[in-house]
Amino acid sequence: MKRVFIPAIAAIIVLSSCKKDTITPSEYDSSKKAELSVEFDNIAGSADLLLNTGNYTNASGESFKVTKLKYYVSNFKLTNINGTEYTVPQDSCYFLIDESDEATHEPVLRIPEGEYRSVTFTLGVDSLRNTKDISQRTGVLDPTGVGSDMYWSWNSGYIFLKMEGTSPASMMGDFMYHIGLFGGMSAPTINNIKTITLDLTARGTPKIKTGKSTNIHLMVDILKLFNGSTNFSIADHSMVMVDPFSTTIASNYVSMFRHDHTEN
Ligand SMILES: [Cu+2]
């Protein structure tokens, strides 16, 4: 009998330690905040994105390499499974994801305890912040610091996404996509600010509770920049910055993001 009994206890212990994510709704205290990290895992189709060395092919059949990839994500909102929406305080909610700097790939948010069904964020920088006094554009938004590589000027504002690389399809041998424009008021421009909402129910809802760390792992597929509602080729558009064609690229790249899994 003992031989049956001991494995049974072991099984119960293993099961209970694996079942950490079974938190009953009453165990959440929404007056307390806990951490949720949001991982931006940049990929190219089914391959991991490797700067400088990885070779990829877009839908136009052009091979290319990526030398730089940076983008702003901001204004995070999370929707609880019972529909309550929580907006992360804006001042602490601007992040610059830089493929070359691993430390930037996983912004950490502090949100009320609970189970969440969706995440919403802005790809880029909202128009209000774009025009705020310089004293309110610090950290990754500091145009004289970390943000200098991602800023045009007062009227044109922040570059939301920057991708650069090389390709034999480009006459110059390289390509450059600097996508921004926020519909500025003093010099009206195109508005490429995009809001992205991702469902979290299909691949595991995050369960936020004090004392545990939770991560939602997003895949960001850079091939979608070329291949989307309008496929375009590097040969035709190797350099796009303050340009009406930027709207095509921005419409494509909204679909770069998908929720892959949650680590509870
Ligand atoms: Cu993961």
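Read-outs: derived from the displayed coordinates by stated rules, not from any lab. Everything quoted here is computed from the prediction, not taken from an experiment. All Cβ positions, glycine included, derive from the backbone under ideal geometry; neighbour counts span all protein chains shown.
Computed values, structure above
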item	result
Calculated SAXS-style log₁₀ I(q)/I(0) at q = 0.13, 0.19, 0.20 Å⁻¹ - the range 70-121, Debye, Cα scatterers	-0.34, -0.66, -0.72
P(r) tail fraction, the range 29-263 - alpha-carbon pairs more than 29 Å apart, %	29 percent
For the chain, built as a Gaussian network whose Cα springs stay under 10 Å, the top-fluctuating residue of LEU51, LEU128, LEU225	LEU128
Amide H contacts of ASP260 (H built 1.01 Å from N, under 5 Å, at least 5 apart or other chain)	HIS217, LEU218, MET219
Where trypsin sites (Lys or Arg not before Pro) fall in DSSP loop in the range 155-220, at most 15 other Cβ within 10 Å	ARG203, LYS212
ASP142 long-range amide H proximity, modeled H, under 5 Å	GLY147
Karplus-derived HN-Hα couplings along the range 119-127 (A = 6.51, B = -1.76, C = 1.60, θ = phi - 60°), whole Hz, x at Gly and Pro	10, 10, 8, 9, 8, x, 10, 4, 5
The range 216-264, Cα convex hull volume normalised per residue, Å³	76 Å³
The range 29-263, relative contact order in percent, only Cα pairs under 8 angstrom and at least six apart counted	26 percent
Using θ = phi - 60° and Karplus 6.51 cos²θ - 1.76 cosθ + 1.60, couplings along the range 62-71 (whole Hz; Gly, Pro as x)	8, 8, 7, 10, 10, 9, 8, 9, 9, 7
Whole-Hz ³J(HN,Hα) from phi, Karplus 6.51 cos²θ - 1.76 cosθ + 1.60, for the range 87-101, glycine and proline x	9, 5, x, 4, 4, 9, 10, 10, 9, 10, 7, 10, 4, 7, 10
Of LYS70/LYS207; LYS77/LYS207; LYS132/LYS194; LYS33/LYS132; LYS194/LYS224; LYS68/LYS224, pairs whose Cα-Cα distance is over 23 Å	LYS70/LYS207; LYS33/LYS132
